[in-house]
Amino acid sequence: MQHTPRLSALSLAIASLFAVPAFAADATPDTTAPDAAPADMQKVEVTSAHLRSARIELSPKVGTTIYSIDSHMVDMLGQGDNTPFNEVLLRLPGVSQDSKGSGALHVRDDHANVQYRINGVQLPESISGFGQSIDTRLIDKTDFITGALPAQFGLRTAGIVDIETKEGGMTPGGRIGIMVGSHDHVEPSAEFFGSVGKFNYYLSGSYLGNALGVENPQPTRNALHDKTRQNKSFGNLSYFLDDNTRLGAMFGTYNGRFQIPNNPDQAPAFSLAGRSDAAAGTSTLPSSQLDENQREVNRFLVLSLQKSMGDLNYQVSAFHQYSQLHFTPDPVGDLIYNGVASDSRRSNSASGAQFDISYKLHQDHTLRAGLAYTRQKTTSDNTVGVFPTDDNGQQSSTTPISVQDNSGKTGTLASFYLQDEWHISKPLTLNYGARFDKVNAYTSEQQWSPRVNLAYQLAPGTAVHAGYSRYFTPPPQELAAQKSIDLYANTTNAPEIATSDNVKAERTHYYDIGISHQLTSKLTVTADAYYKKISNLLDEGQFGQALILSPFNYAQGYAKGLELSAIYSEKDWGLFMNASTQKAQGRNIVSGQSLFGADELNYIRNNYVYLDHDQTMTLSGGGHYHFGDSQVSADFLYGSGLRMTPDGGAPNSGHLPRYFTVNTAVTHTWKNTPVGKVEGRLALINLFDKSYLLRDGSGVGVGAPQYGARRSIYAGLSTSF
């Protein structure tokens with residue numbers, strides 16, 4: 001088959017950098033095995049690889065920028081496969097760090113807008129929160145795709161996280177491990193895999209408990225009231241009807257409980273009968289003793305049929321996802337310090353189907369098409385404690401009242417795409433097409449979106465690409481519920497702006513160009529530049545105590561940036577380095593106006609302002625050295641600081657101090673022990689114990705101050721059997 005020119009050199013380089021040398025791998029043949037395994041079990045192994053290749057053929061990546069992550073790269077990170085998945089992605093170009101409550105990471109200066117696909121199926125979004133419902137250990141390989149995307153990728157387009165999960169092997173086996181460490185960290189986990197006849201299975205589960213579930217609002221080593229308990233499960237099941245047909249089922253669950261950390265020594269802002277006097281600055285409940293909590297739930301199930309028929313391949317899937325977020329306030333303390341105590345529950349139930357098909361019409365033309373449909377039901381239930389106010393907005397009573405604010409919405413998303421991958425000549429490939437998207441929920445909009453991508457192989461080891469994509473990004477329905485503003489008139493929860501328009505879909509013209517060059521057999525460098533011209537720019541912010549994000553639009557906006565990456569690999573060691581610079585601004589807030597103050601809105605109406613998650617410079621890098629059955633590794637993150645609003649300054653006109661953190665790890669493997677292959681790990685996170693701010697509580701749509709974790713030590717032990 002003719003090779004499709006694209007930026008694959010970087011993907012191969014990353015894979016080779018972290019690949020374990022052959023002499024160190026556990027590749028000793030099993031001499032105790034029978035001379036011939038059952039024929040159907042051999043067929044499962046061969047068929048699985050064949051159908052996996054066919055599934056990849058359904059989703060071309062011509063003209064995009066691709067960064068690949070495999071299990072070897074994950075292994076070099078401090079906590080290995082216990083590393084939260086969003087922290088794995090932070091080691092890629094164009095990805096910047098944020099607090100867990102504000103989205104955790106940003107890709108090319110977008111807020112969220114990241115699409116997760118598992119084994120070719122796009123998962124509906126869960127309600128934002130602290131949890132990372134994708135467990136790193138279930139991942140076999142991830143392609144992280146950015147740039148001007150082909151037509152099969154839509155709706156969430158800042159970055160595509162395309163995950164291939166682990167699958168069962170011919171020989172049953174598994175892995176059991178535990179990691180313990182600072183902040184009362186305890187994390188046991190287990191994986192089981194194998195096959196029985198034509199049935200193939202992979203199952204995993206984990207539990208996490210620690211005392212630093214959310215970023216600390218203080219620079220101290222330990223946070224007050226910050227425990228978390230989280231459990232996750234995942235399953236990937238396959239049954240092969242024949243050599244070219246597979247029935248599959250995937251499921252995943254996540255359940256997380258979080259305490260909201262306290263910020264001590266705060267002055268009471270409101271007077272509550274018998275409990276506080278704002279004028280005197282006294283309270284019977286110190287801010288260090290508040291008891292706010294949040295629970296998150298996410299569950300999904302996917303059923304798929306995949307078929308390969310030579311030049312024709314297709315996959316049809318049905319899915320269901322349920323997510324819920326429940327914030328419970330301190331009913332007394334939140335009234336004393338905030339004037340509002342909101343018991344908020346959001347839930348979202350999404351069901352739908354996805355169909356993708358490819359057909360090799362000619363040796364130079366491959367046609368691809370697809371359909372997707374999702375139906376979502378969202379509910380928002382709020383019981384809000386507030387104080388009455390007078391005509392001047394001042395508290396008029398020390399006795400609170402309760403407001404019921406409940407709403408719901410059923411909405412739909414429908415998409416269609418058609419594209420052609422045309423091999424114009426041996427070095428030149430054109431992928432062109434269009435997609436149609438329609439949303440009918442809090443907004444009713446639609447758009448045709450043309451896409452065109454060119455990839456050209458200048459020379460062996462050197463590839464360039466360029467592309468243009470029109471994007472249509474609807475607001476996340478599960479977050480887009482508007483407050484019932486009239487319910488809060490003459491209370492301490494009344495907004496300064498009494499009107500609020502519904503959130504609209506973002507529309508973007510996206511331009512991207514890049515190059516990958518293999519300087520030597522050991523060193524590969526890449527560069528990629530992009531520009532986005534945006535109408536109805538979507539952003540999200542935290543407004544109030546409940547750590548639930550709310551979307552809003554800027555009428556106009558733009559984002560631009562440059563990414564650089566270098567990979568160097570030797571037999572026993574390797575290095576990687578990423579650098580990105582970016583800028584994103586918006587003007588004139590045209591939805592969710594009640595979330596903002598009048599002065600803020602007036603300034604932004606006539607002036608471009610930086611987005612709160614804009615970071616001018618981001619660096620990441622690391623390396624490893626492998627000797628015998630041991631490995632030492634280190635990685636670092638640098639950020640020039642997210643935006644903030646200085647006293648008396650324009651919104652988001654300042655930035656927080658830069659930060660630089662280093663993580664290290666050492667691992668050792670003992671083979672052929674009585675309990676199987678055993679791996680030990682010792683890791684230091686934030687080696688130099690840097691205290692740094694991710695957020696200071698100021699800026700457009702920013703909640704409380706949040707500091708990065710101080711130095712932490714972790715030890716892990718696992719056995720594979």
Given the stretch 628-690, what strands (runs of 3 or more DSSP E) lie entirely inside it while holding 3 or more residues that are of a type in the set (Ser, Thr, Tyr)?
-> 630-639, 659-673
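Looking at Gly541, Gly623 in this structure, which one is modelled with pLDDT under 95, out of contact with any Lys or Arg (no Cβ under 9 Å at 6 or more places or on another chain), part of a strand (DSSP E or B) and under 26 Å from Ile685 (Cβ atoms)?
Within the list Gly541, Gly623, the selection yields Gly623.
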Any idea how many residues of the stretch 412-456 are of a type in the set (Gly, Ala, Ser), outside any strand (DSSP E or B) and buried (at least 16 other Cβ atoms within 10 Å of the Cβ)?
-> 1
When you look at Val403, is it surrounded by 15 or more Cβ atoms within 10 Å (Cβ to Cβ) and under 30 Å from Phe270 (Cβ atoms), yes or no?
-> yes
Scan the stretch 691-707 for residues that are of a type in the set (D, E, K, R) and in a loop (DSSP other than H, G, I, E, B) and report the count.
-> 0
Thr520 vs. criteria under 30 Å from Ser396 (Cα atoms), polar (S, T, N, Q) and either touching a Gly at 6+ places or on another chain (Cβ under 9 Å) or free of Cβ contacts under 8 Å to residues at least 60 places away in the same chain (or both) | no
Under 14 Å from Ala148 (Cα atoms) and open to solvent by 60 Å² or more (accessible area, probe 1.4 Å), is that true of Lys522?
-> no
Scan of the stretch 468-490 for residues that are open to solvent by 10 Å² or more (accessible area, probe 1.4 Å), touching a Ser or Thr at 6+ places or on another chain (Cβ under 7 Å) and outside any loop (DSSP other than H, G, I, E, B), ordered by number = Arg470, Ile485
If you scan the stretch 543-567, which residues turn out to be closer than 21 Å to Tyr603 by Cβ and open to solvent by 20 Å² or more (accessible area, probe 1.4 Å)?
-> Phe543, Ser550, Gln556, Tyr558
Residue check, Val609 against (1) of a type in the set (A, V, I, L, M, F, W, C); (2) touching a Gly at 6+ places or on another chain (Cβ under 7 Å); (3) without any contact (Cβ under 8 Å) to a residue 60 or more places away in the chain; (4) surrounded by 20 or more Cβ atoms within 10 Å (Cβ to Cβ), all met but one. Which one?
-> (3)
Residue check, Asn502 open to solvent by less than 60 Å² (accessible area, probe 1.4 Å) and either in a loop (DSSP other than H, G, I, E, B) or farther than 30 Å from Ala459 by Cα (or both) | no
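The values are calculated or read from the model by the stated rules, or taken from the named source; none is laboratory data. None of these values were measured; they are calculated from a predicted model. FYI the Cβ positions are ideal-geometry reconstructions off the backbone, even for glycines, and counts take in every protein chain you see. For the accessible areas, the whole protein counts, side chains as well, though only heavy atoms, and no ligand, DNA or RNA atoms are used. Shrake-Rupley method; radii C 1.70, N 1.55, O 1.52, S 1.80 Å.
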